[in-house]
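**Student:** Pasting a structure here, questions to come.
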Amino acid sequence: EDQVTQSPEALRLQEGESSSLNCSYTVSGLRGLFWYRQDPGKGPEFLFTLYSAGEEKEKERLKATLTKKESFLHITAPKPEDSATYLCAVQATGEYGNKLVFGAGTILRVKS
Amino acid sequence: EPEVTQTPSHQVTQMGQEVILRCVPISNHLYFYWYRQILGQKVEFLVSFYNNEISEKSEIFDDQFSVERPDGSNFTLKIRSTKLEDSAMYFCASSEAYSGSPYNEQFFGPGTRLTVL
């Protein structure tokens, strides 16, 4: 069964204090790994897709990387507006419906 | 910027009643999905839909659930006889293309909060 585990569950940072969130996964074959941001009471907002080990993508203060077992979301010099829950999801090969399997998320709080 | 929309934002119903949740996917997208998130839990896949038929469904999506694309723009989720445990946030999502292509990102709507009393 495909599984996604995110750590830490919660992270508190001071503004400007860089850190990383981890997403480890177990799938029969990885078709894609997705990062989303979710604000309270809202739907997941798409951030990145990664397809193969070694791939990296960046957007403003966020950078996502992928290995064969895990992905990292690096946050450089975060600001209070980066506070949100960050969700990781995988799409496995052999599945014909495109479903995403989500992790439980990391709740990020950035204090000014 | 195109976005997925959902109505209503909040639905309160009595146990045993039927509810229909509505979604308008992004206009050029071909694949549609429903997910749900029980308060404090993971986002869970319910069903995917392509070319007017279900392409995959989860164990949660039993005979009480159905989906429909009644016209060229709407995508609906029906729960025939709601249970207390159906209380959750229901998200509609859509994607332009199939997994494995560069355009298979799933874009989510704001959700409908379903409360079953």
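**Student:** Considering only the stretch A:24-46, state which residues are of a type in the set (A, V, I, L, M, F, W, C), within 17 Å of A:THR85 (Cβ to Cβ) and open to solvent by 20 Å² or more (accessible area, probe 1.4 Å).
**Tutor:** A:PHE46
**Student:** Another question about this same structure. For the stretch B:56-74, how many residues are out of contact with any helix residue (DSSP H, G or I) (no Cβ under 9 Å at 6 or more places or on another chain), without any contact (Cβ under 8 Å) to a residue 24 or more places away in the chain and among the polar types (S, T, N, Q)?
**Tutor:** Final tally of qualifying residues: 2.
**Student:** Among the residues of the stretch B:76-87, are any outside any loop (DSSP other than H, G, I, E, B), hydroxyl-bearing (Ser, Thr, Tyr) and open to solvent by less than 50 Å² (accessible area, probe 1.4 Å)? Can you show your working first?
**Tutor:** Applying the first criterion (outside any loop (DSSP other than H, G, I, E, B)) to the stretch B:76-87 yields B:76-79, B:84-86.
Retained after the next criterion (residues that are hydroxyl-bearing (Ser, Thr, Tyr)): B:76.
Still in the running and open to solvent by less than 50 Å² (accessible area, probe 1.4 Å): B:76.
Checking the stretch B:76-87: at least one residue is outside any loop (DSSP other than H, G, I, E, B), hydroxyl-bearing (Ser, Thr, Tyr) and open to solvent by less than 50 Å² (accessible area, probe 1.4 Å).
**Student:** Do we find that A:THR76 is over 12 Å from the mean Cα position of the chain (by Cα), within 11 Å of another protein chain (Cβ to nearest Cβ) and β-branched (Val, Ile, Thr) in this structure? Let's see the steps before the verdict.
**Tutor:** Details: over 12 Å from the mean Cα position of the chain (by Cα): yes; within 11 Å of another protein chain (Cβ to nearest Cβ): no; β-branched (Val, Ile, Thr): yes.
It is false that A:THR76 is over 12 Å from the mean Cα position of the chain (by Cα), within 11 Å of another protein chain (Cβ to nearest Cβ) and β-branched (Val, Ile, Thr).
**Student:** I would also like to ask the following. Do any strands (runs of 3 or more DSSP E) entirely within the stretch B:10-69 hold 2 or more residues that are open to solvent by 20 Å² or more (accessible area, probe 1.4 Å), under 21 Å from B:PHE107 (Cα atoms) and within 13 Å of chain A (Cβ to nearest Cβ), and if so, which?
**Tutor:** B:31-37, B:43-50, B:53-57
The values are calculated or read from the model by the stated rules, or taken from the named source; none is laboratory data. Quick caveat, the model's predicted, so the values are computed rather than measured. Cβ sites come from the backbone with ideal geometry, for glycine too, and all protein chains shown count toward neighbours. The area values use the complete protein model at the heavy-atom level, side chains included, leaving out ligands, DNA and RNA. Shrake-Rupley method; radii C 1.70, N 1.55, O 1.52, S 1.80 Å.
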